[in-house]
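The values are calculated or read from the model by the stated rules, or taken from the named source; none is laboratory data. What you are looking at is a predicted structure, and each value in this text was computed from that prediction instead of being measured. We place every Cβ from the backbone using ideal geometry, glycine too, and count neighbours over all the protein chains shown. We work out accessible area using only protein heavy atoms, side chains counted, and drop any ligands, DNA or RNA first. Shrake-Rupley method; radii C 1.70, N 1.55, O 1.52, S 1.80 Å.
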Amino acid sequence: MQVVIENVGKKFQSSRGDVTALENIDLTINEQEFVVLVGPSGCGKSTLLSMVGGLLSPTSGRIVVKDLIEDRDPLIGIVFQEIGLFPWRTVYENIKFGLEEMNLAAGEVNKRVDHFIRLVGLNGFEPAYPHQLSGGMRQRVGIARALAIQPDLLLMDEPFSALDAQSRTLMQEELLRIWYQTKLSTLYVTHNIAEAIYLADRVVVLSRRPGRIASIISIDLPKFDRDKGTNLFKFNSYCDQVWQLIRKDAQLALEEGDEQ
Amino acid sequence: MSFQRQVQNQMAFMDHQPPTWISAAAITAILLLWEFSCRVGGISALFLPSPTAIVAAGYEMLQSGELLTNVAASLLRIGLGFITGSTVGILLGLILGFSSIADAVGNPIVHALYPVPKLALLPLIILWLGIGELSKVTIISLGVFFPVIINTYSGVKNIDPLLIKVAVSFKTSRTNIISKVILPGALPVIFAGLKLAAGTALLLLVAAEMIAAKEGIGAMILHYGDLMLTDKLMAGVVILSLLGLVFNRSLHWLERLVITWKQ
Ligand SMILES: Nc1ncnc2c1ncn2[C@@H]1O[C@H](COP(=O)(O)OP(=O)(O)OP(=O)(O)O)[C@@H](O)[C@H]1O
Ligand SMILES: [Mg+2]
């Protein structure tokens, strides 16, 4: 399976005037590829993800999923930036949500939910409601919920942003492990450059106002232990390369935020 | 010289719980004052019977069986009216909130009819449906319908759009989005509407029974008013107040049963 984003643009119309969030986006996510989007706040990362997920229509261009094995819509698992757990569902029921629409046998559903609860380390919290969880635990429920449907394509919007640094490191390792088992085509959004280099096969750097692809960088490092030993030097130079690309835009974004 | 202050919790007043006996004590005090003014203050029993006289009259009515038949008749009407009115109100409210076509058609109609005092429609409804039970049940369900549909609608409109996005991302069908996302999301507001409607239902019940019924608490109160039997009239009023209380408590209980995810 391959996701092809062809010359996509997005304009938002509002009373304060139009905002061109994205322009001329051309990008292909290949089978089993982990693509990471980085860019300063407001450059349109979430917008692009929503359009790939079929939750928002582009104003120009189109997004096509090619080379499907079966003639059906692809299953897309989305981890949202604001998580969006159902407050009236327990951890267990939240993870089960997507499976309920899939006509699976009850036994299979329970097995999968149990599997993914253990995977994100939430065993024991099955009967808890979202408001009883910490921010990081909620994010893990959101991740388990998206993975449980065993999607063809995984979209993740800053899934670890509410985690503390330690959990973040652990979850990144965990995500790599899960990814290595499933080899899911993944589009991942972050503003953390080190995280991008750590996870990505390719890093897509977006510029700001309007959001355009500034650069696409293939990460030529082994999938594991990128930030260790002999890999570390290369890892750091990739980080620096991306930072130089983003720096000016990030500064502009910050100054604009001050004015408002 | 130096000072020392302990840091106090400035939010403490928010979780200050008054002792539970305080409401009971207040009611007892009022009843005692009432009883006392009737016995000593020389208030005529015709104008305001004492609490004990009301209880005695109520006991007598219970023994004769008339209390039970009247209460049963009223309960049936209000029960049927409340259930139909709220069911239809919730269903239509969900549809109005979810479908923009239904919203465009239904919303102006609902808001045009809502301000009409439902009692003004009673003569018309009696003309259409006869003077029997159906017209009384109908007027009650009408009175219940409006606060429920309006609350359900605003409950639906206030659901976090992100949750609907999440459901859509899992390819949830439209009907399941309504039952799994919109309905639970709107439930707290729906319950507020149901509690509001309970008051309206009671009001319309009594009014309809006073206008057009032989049995029922409203008819009974009117009957004893005509006979100037104030203690029996007051017994009816007390029953109404208890009915309202029971109604409210039951809804509260149901709410806690259904909305398990809050506290
Ligand atoms: N529904 C909307 N209506 C109008 N403008 C919007 C809407 N959604 C996003 N925008 C605008 O589009 C631009 C891109 O927003 P988007 O949420 O995609 O940014 P982002 O890259 O995800 O930022 P962040 O890193 O802060 O999450 C912003 O300028 C934002 O103001
Ligand atoms: Mg975003």
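Across the protein assembly as shown, the volume of the C-alpha convex hull divided among the residues equals 274 Å³ per residue. The alpha carbons of the stretch B:51-262 stretch over 67, 40, 21 Å along the principal axes, in descending order.
Each principal axis of the Cα cloud of the stretch B:1-73 was evaluated for its coordinate range; sorted largest first, these ranges are 80, 36, 16 Å. Under a 5 Å amide H cut-off, with hydrogens placed 1.01 Å from N, residue A:79 pairs with A:155, A:156, A:157 among residues at least 5 apart or on other chains.
Per-residue SASA remark: residue A:227, around 60 Å² accessible (1.4 Å probe; ligands, DNA and RNA not included).
Surface listing: A:230, B:84, A:59 arranged by accessible area from highest to lowest gives A:230, A:59, B:84, probe 1.4 Å.
Take residue B:116: with every protein chain present and a 1.4 Å probe, its accessible area is about 50 Å².
Calculated mean residue ellipticity at 222 nm for chain B: -25000 deg cm²/dmol, from DSSP H runs with n ≥ 4 weighted as -39500 (n - 2.57), summed, divided by the residue count and rounded to 500. Straight-line cross-link partners of residue A:234 among the lysines, defined as a Cα under 28 Å from its Cα and at least 8 positions apart when in the same chain: A:45, A:183, A:223, A:248. Largest GNM mean-square fluctuation among A:157, A:220, A:201, using chain A with Cα springs under 10 Å: A:220. As a calculated quantity, the FRET efficiency between residue A:243 and residue A:28 at R0 = 25 Å, using C-beta atoms, amounts to about 0.50. Ranking A:248, A:11, B:195 by solvent-accessible area of protein heavy atoms (1.4 Å probe, all protein chains present), from largest to smallest, gives A:248, A:11, B:195. Approximating the spin labels as points 7 Å out from Cα along Cα→Cβ, the residue B:64-to-residue B:87 distance works out to 3.7 nm. Surface composition of the protein assembly as shown: carbon and sulfur make up 61 percent of the accessible area, probe 1.4 Å. Percent of C-alpha pairs per 5 Å bin in chain A, short distances first: 1, 6, 12, 16, 18, 17, 14, 10, 5, 1, 0, 0. So what's the gap between the Cα centers of the stretch A:1-51 and the stretch A:151-205, to the nearest angstrom? Result: 18 Å between the Cα centres. Accessible surface buried by the B/A pair amounts to about 1900 Å², both sides summed, 1.4 Å probe.
Gain on full extension, evaluated as 0.36 nm per residue between residue B:176 and residue B:15 minus their Cα-Cα distance, stands at 54.1 nm.
Take residue A:237: with every protein chain present and a 1.4 Å probe, its accessible area is about 60 Å².
Report, in deg cm²/dmol and to the nearest 500, the calculated mean residue ellipticity at 222 nm for chain A, where each DSSP H run with n ≥ 4 adds -39500 (n - 2.57) and the sum is divided by the residue count. Calculated from helices alone, the mean residue ellipticity at 222 nm is -11500 deg cm²/dmol. Here the dipole of the stretch A:169-260 is about 400 debye; that uses its Cα centre as origin and unit charges on the Cβ of Lys and Arg (positive) and Asp and Glu (negative).
For the stretch B:51-262, relative contact order (Cα pairs under 8 Å, six or more residues apart, normalised by length) works out to 28 percent. Across the stretch A:110-121, computed HN-Hα scalar couplings (Karplus, 6.51 cos²θ - 1.76 cosθ + 1.60, θ = phi - 60°) run 4, 4, 5, 4, 4, 4, 6, 5, 5, 4, 9, x Hz from first to last residue, x flagging Gly and Pro.
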